[in-house]
Amino acid sequence: MLNNKLRTEENMVDVIALIKQVGHEEGIEQGREEGREEGRQEGKQEGEREKAIQTAKRMLDRQIDIQTISDITELSLEDIAKIERESKS
């Protein structure tokens, strides 16, 4: 009887260890997926910003005023002024 009780406790310890391991692995996978999603979002934002900068450059080449460029591209006036200065260099 004592031997059976010890086996049952050993099994419980094994089950608890297995549950911890599975939970740990699931947590790691969830963290990886969240990291990938965050990376995709950051990449998308960087791409959108780069597209806005390229659009602003083309608009500056056509001598469109910076307020209009800002309204259309959603870039700040400071960003557009910087782009303008860099393009003149």
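Is it the case, given these coordinates, that residue 46 is surrounded by 10 or more Cβ atoms within 10 Å (Cβ to Cβ), modelled with pLDDT of 90 or more and within 24 Å of the chain's Cα centre (by Cα)? Yes.
Within the range 62-80, can you find the residues that are in contact (Cβ under 8 Å) with a residue 12 or more places away in the chain and part of a helix (DSSP H, G or I)? Full working, then the answer.
First, pick out the residues of the range 62-80 that are in contact (Cβ under 8 Å) with a residue 12 or more places away in the chain: 66, 69, 72-75, 79-80.
Result: 66, 69, 72, 73, 79, 80.
The values are calculated or read from the model by the stated rules, or taken from the named source; none is laboratory data. Model, not experiment: these values are computed from the prediction. Virtual Cβ from ideal backbone geometry, glycine too; neighbours counted across all protein chains shown.
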